[in-house]
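Enquirer: What follows is a single structure, and I will ask about it in a moment.
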Amino acid sequence: MRQSQMFIPTLKEVPSDAESASHQFLLRGGFIRQNAAGIYSYLPLGYKIIKKIEAIIREEMDRTGAQELLMPAMQPAELWHESGRWDVYGPELMRLKDRHGRYFAMGATGEELVTSLVRDSLNSYKKLPMSVYQIQTKYRDEKRPRFGLLRGREFIMKDAYSFHATEESLDEAYWKMFQAYKNVFERCGLKFRAVLADSGAMGGKDTHEFQALAEIGEDTIAYSDQSDFAANLEMAPVVTRKNSSERKILPLEKKSGKTTVSNDRMISARWFKTRVETILVFLKASDEVNDVKVKNLLGTDLVEPLKSEHTPDALQAAEGVRILADQELLSLSQAEFYNEAEDMTYSNVDSERDLHVEKFADLRFVKEGDPSPDGKGTIQFAKGIEIGQVFKLGTKYSETMGALFLDEEGKNKPLIMGCYGIGISRTLSAICEQYHDEKGLIWPKSLAPFDVHLITVNPKNDEQSALSKKLYGELSGHGFDVLWDDRRERPGVKFADSELIGCPVQIVVGKKAGDSIIEIGSRKGQAAGRKEIQTDGLTGAVAELLSQL
Ligand code: 9G3
């Protein structure tokens, strides 16, 4: 394409509200434009890349046997009433009313719709398993949209749903989809980890998130430095070090006032409340309570810290207080505990003898340096951007929405479901976060908007224009996708735009055009500069350069 005819409105200045690199360069490179908070247009360059990401996703989805369909973004409110989620979700679920006063949910996800779509016909084990997917715009009215496409209010998602007669069949589809996701993100050139994640309000069990590694990421991943173990910080299990010294049990002593021992010899009391009771968690003062682990242990969805002014006496096991403790305390002897309510410090505390603990469990956040739960290496932390997730949904939606099938014994059972999402807009941003330098983007060749950026330094010069036109024809004839900067702009502007846009190969037609000499270089090897070559070796040189990227 001739750049003089393309709509690529690059920006010299960094937009003030663009905090992340991807947000900055997608705006400055003329890939996207904001229309409202969290709502963007994909301009021709940006949309070209979205379509390349979608093409990779379609190939991998089709390979799993999932069938592509397209469901509406306007979802009848009745469906969300059936699933009970109309009232569960607050303002984040965008709703609208049509001219007849009927309510709709703007699709934030597709579980309700797809279940209503299949429940009339997917009614026999003979028709199972079956998987469908769509690539569709999703709406979520985020309170604080930020970082451009990373957290938008309207975004493009691939969402897939699978239907099964048995758990084994779901398990098979889950791991097939898991592998398809690894293929997708590897083909996108992303550095990512599949992490064990908390299924949270989604019900179901088994769930993994695919996290693209990036400093700007909102999630913290705990991963092993010597295996592919990785988990969301909330989910990462802690394996206790076997404490060599056996526990010595000495008589409990107490003295008034605070204690001065080091944090890892001291026990802390942390108070929480659930919807129905007060929870007291004892743990080492050097550790932090992982509230998700407490929720999962109690099987509740709400665990909130209790304000300090109401904390009762930790050692008087008051009525209605459930006392839990982190497993680490089992290998802590001669511990100290400062009981605020009495202003007394107890020493030689033995957590089994003195704390009336109902249950010892893994309740703390994992820390860097902890042994990896799989026994290989130690835990490190990294920030991640969640770009995909795979869920075993179970029968959460088929039960509430009456999607039943006749099993082999002729019994009516709710369909067993899985759901699988990829944030396509987010994936675009994650790629930019991982592939840029201070001058602009550096697209992996599988996704670049064009293979080659051909720059005519001075289009008014007939030799340079004629040679550029010839090379453009030659390269296109050899199947390369070329963006030809034929604009009457100053060279400095052209080079700056080329670095912003970030096509893998750069070719410059300048002063030596008359001698059929041009310059070639890669955007990735920008710092190394370009090298001069004869034009007759050009297509070979481009193919060679691309093969190395
Ligand atoms: C909503 C709103 C926001 C939401 C949801 C529903 C997240 C919601 C979870 C999922 C689970 C899977 C299919 C593709 C893969 C992910 N945020 N989730 O259900 F109404 Cl406003 O979307 N859905």
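The values are calculated or read from the model by the stated rules, or taken from the named source; none is laboratory data. Small disclaimer: the values here were computed from a predicted structure and weren't measured. Please note: Cβ atoms are built from the backbone with ideal geometry, for glycine as well, and neighbour counts cover all protein chains shown. Areas reflect the complete protein model, heavy atoms only, side chains present, ligands, DNA and RNA absent. Shrake-Rupley method; radii C 1.70, N 1.55, O 1.52, S 1.80 Å.
Enquirer: Which shape class, rounded, prolate or oblate, goes with the range 452-547 when its Cα gyration tensor gives a ≥ b ≥ c as root eigenvalues, a/c under 1.5 marks rounded, and past that a/b bigger than b/c marks prolate?
Expert: Working: a/c = 1.40, a/b = 1.07, b/c = 1.31.
Verdict is rounded for the range 452-547.
Enquirer: Find the relative contact order for the chain and round it to a whole percent, using C-alpha pairs within less than 8 Å whose residues are 6+ positions apart. Write out the running numbers ahead of the final one.
Expert: Working: 1139 pairs, mean separation 92.2, N = 549.
Contact order relative to length: 17 percent.
Enquirer: With +1 on each Lys and Arg Cβ and -1 on each Asp and Glu Cβ, how big is the dipole of the range 253-361 about its Cα centre, in debye rounded to the nearest 20? Present the calculation step by step, with values, prior to reporting the outcome.
Expert: Values: 14 positive and 21 negative charges, 26 e Å.
Once rounded to the nearest 20, the dipole reads 120 debye.
Enquirer: Right, something else. May I have the count of lysine pairs in the range 253-361 with C-alpha atoms under 23 Å apart, counting pairs 8 or more residues apart or located on different chains?
Expert: 17
Enquirer: Looking at the chain, what % of the alpha carbon pairs are farther apart than 41 Å?
Expert: Values: 60638 of 150426 pairs.
Distances greater than 41 Å cover 40 percent of the Cα pairs.
Enquirer: Further, regarding this structure: Between the DSSP loop rule and a limit of at most 13 other Cβ atoms within 10 Å, which chymotrypsin sites (Phe, Trp or Tyr not before Pro) in the range 328-399 are left?
Expert: Values: sites: Phe337, Tyr338, Tyr346, Phe360, Phe365, Phe381, Phe391, Tyr397; in loops: Phe365.
Counting only loop positions with at most 13 other Cβ atoms within 10 Å, none of the chymotrypsin sites (Phe, Trp or Tyr not before Pro) in the range 328-399 qualifies.
Enquirer: Would you pull out the residues with amide H under 5 Å of Met94's amide H, same chain only if 5 or more places away, H placed 1.01 Å from N?
Expert: When sequence neighbours closer than 5 places are left aside, the close amide H contacts are Met106, Asp141.
Enquirer: Would you be so kind as to identify which of His453, Gly257, Pro373 lies farthest towards the positive end of the dipole of the chain, taking Lys and Arg as +1 and Asp and Glu as -1 on Cβ and the Cα centre as origin?
Expert: In the chain, that residue is His453.
Enquirer: Still on this model: I'd like the Karplus ³J(HN,Hα) series for the range 270-280: coefficients 6.51, -1.76, 1.60, θ = phi - 60°, whole numbers in Hz, and an x wherever there's a Gly or Pro.
Expert: Values, residue by residue: 10, 9, 9, 10, 10, 5, 10, 7, 9, 10, 10 Hz.
Enquirer: Trypsin sites (Lys or Arg not before Pro), restricted to the range 422-515: which are DSSP loop and have at most 11 other Cβ atoms within 10 Å? Before the final figure, lay out the partial values.
Expert: Details: sites: Arg426, Lys439, Lys445, Lys460, Lys469, Lys470, Arg487, Arg488, Lys494, Lys511, Lys512; in loops: Lys439, Lys445, Lys460, Arg487, Arg488.
The qualifying sites are Lys460, Arg488.
Enquirer: Whenever you get a sec, compute what percent of the accessible area on the range 253-361 sits on carbon and sulfur atoms (1.4 Å probe). Spell out each step's value before the answer.
Expert: On the way: 2490 of 5400 Å².
Carbon and sulfur atoms account for 46 percent of the accessible area of the range 253-361.
Enquirer: Against the longest principal axis of the chain, how steep is helix 167-187, in degrees 0 to 90 to the nearest 10, with axes from Cα atoms?
Expert: 40
Enquirer: Give the residue from Leu467, Pro44, Trp80 lying farthest towards the positive end of the charge dipole for the chain; charges sit on Cβ (+1 for Lys and Arg, -1 for Asp and Glu) and the dipole is referred to the Cα centre.
Expert: Result: Leu467, furthest along the dipole toward the positive end.
Enquirer: Let me ask something else. Can you give the accessible area of Glu168, probe radius 1.4 Å, in Å² rounded to 10?
Expert: 130
Enquirer: Using a 1.4 angstrom probe with every protein chain in place, what is the largest-first accessible-area order of Thr220, Thr207? Could the numbers behind the result be given before it?
Expert: On the way: Thr220 30, Thr207 5 Å².
Correct descending sequence by accessible area is Thr220, Thr207.
Enquirer: Any idea which of Ala285, Thr300, Phe337 is furthest toward the positive side of the dipole for the range 253-361, if Lys and Arg beta-carbons carry +1 and Asp and Glu beta-carbons -1?
Expert: Of the candidates, Thr300 comes out farthest on the positive side.
Enquirer: I need to check one value: relative contact order of the range 1-160, counting alpha carbon pairs closer than 8 Å and at least 6 residues apart, in percent.
Expert: Reported relative contact order: 24 percent.
Enquirer: Name the residues whose placed amide hydrogens come within less than 5 Å of the amide hydrogen of Thr278, ignoring near sequence neighbours (fewer than 5 apart) on the same chain.
Expert: Arg322
Enquirer: Any chance you could list P(r) for the range 253-361, counting all Cα-Cα pairs in 10 angstrom bins from zero, rounded to whole %?
Expert: Reading upward from the zero bin: 14, 50, 31, 5.
Enquirer: Shifting gears a bit: Shape of the range 1-146 from its Cα gyration tensor (a ≥ b ≥ c, root eigenvalues): rounded if a/c is under 1.5, otherwise prolate when a/b > b/c, or oblate? Could you put the intermediate results ahead of the total?
Expert: Working: a/c = 2.75, a/b = 1.52, b/c = 1.81.
It comes out oblate by the Cα gyration axes.
Enquirer: If each DSSP helix of 4+ residues adds -39,500 (n - 2.57) and the sum is divided by the residues in the chain, what number results at 222 nm, nearest 500 deg cm²/dmol?
Expert: Values: 12 runs with 130 residues, N = 549.
Computed ellipticity for the chain at 222 nm equals -7000 deg cm²/dmol.
Enquirer: Could you work out the relative contact order of the range 374-455? I mean the mean sequence separation of Cα pairs under 8 Å and 6+ apart, divided by the number of residues, in percent. Could the numbers behind the result be given before it?
Expert: Details: 71 pairs, mean separation 19.7, N = 82.
Relative contact order here is 24 percent.
Enquirer: For Asn348, what charge total do you get from the other residues with a beta carbon under 10 Å from its beta carbon, if Lys and Arg give +1 and Asp and Glu give -1? Display every interim value, and only then the final one.
Expert: Values: positive: Lys248, Lys254, Arg353; negative: Glu253, Glu336, Asp350, Asp354.
Here the count lands on -1.
Enquirer: Right, another one. For Glu489, what accessible area in Å² do you get when you roll a 1.4 Å probe over the heavy atoms of the protein chains, rounding to the nearest 10?
Expert: The accessible area of Glu489 comes to roughly 80 Å².
Enquirer: Go through the range 483-500 residue by residue and turn each phi into a ³J(HN,Hα) via Karplus (6.51, -1.76, 1.60, θ = phi - 60°); whole Hz please, and just put x for glycine and proline.
Expert: 9, 9, 7, 9, 6, 7, 10, 5, x, x, 5, 5, 5, 5, 5, 5, 6, 5
Enquirer: Can you give the Kirkwood hydrodynamic radius for the range 90-241, in Å, rounded to one decimal and based on Cα pairs? Show your work: numbers first, answer last.
Expert: On the way: mean 1/r = 0.0545 Å⁻¹.
Mean inverse Cα-Cα distance, inverted, gives 18.4 Å.
Enquirer: Additional query: Going down the list Lys470/Lys511; Lys460/Lys512; Lys97/Lys143; Lys158/Lys396; Lys52/Lys158, which pairs span over 18 Å between their C-alpha atoms? Let's see the in-between values first.
Expert: Working: Lys470/Lys511 16 Å; Lys460/Lys512 15 Å; Lys97/Lys143 21 Å; Lys158/Lys396 21 Å; Lys52/Lys158 13 Å.
Violating the 18 Å limit, Cα to Cα: Lys97/Lys143; Lys158/Lys396.
Enquirer: Any idea what the dipole of the chain comes to, in debye rounded to 20, about its Cα centre with Lys/Arg Cβ at +1 and Asp/Glu Cβ at -1?
Expert: On the way: 73 positive and 83 negative charges, 333 e Å.
Charge dipole, the chain, about its Cα centre: 1600 debye, nearest 20.
Enquirer: HN-Hα J couplings of the range 364-376 from phi, Karplus 6.51/-1.76/1.60, θ = phi - 60°, integer Hz, Gly and Pro as x?
Expert: 9, 5, 5, 10, 4, x, 4, x, 5, x, 8, x, 10
Enquirer: Let me ask another. Please list, in chain and number order, the residues 5+ apart from Leu306 or on another chain whose amide H is under 5 Å from its amide H, with Hs placed from the backbone.
Expert: Answer set, sorted by chain and number: Trp271, Phe272, Lys273.
Enquirer: Express the accessible area of the chain per residue in Å², computed with a 1.4 Å probe while the remaining protein chains stay in the model.
Expert: Numbers: 25160 Å² over 549 residues.
Heavy-atom SASA per residue in the chain reads 46 Å².
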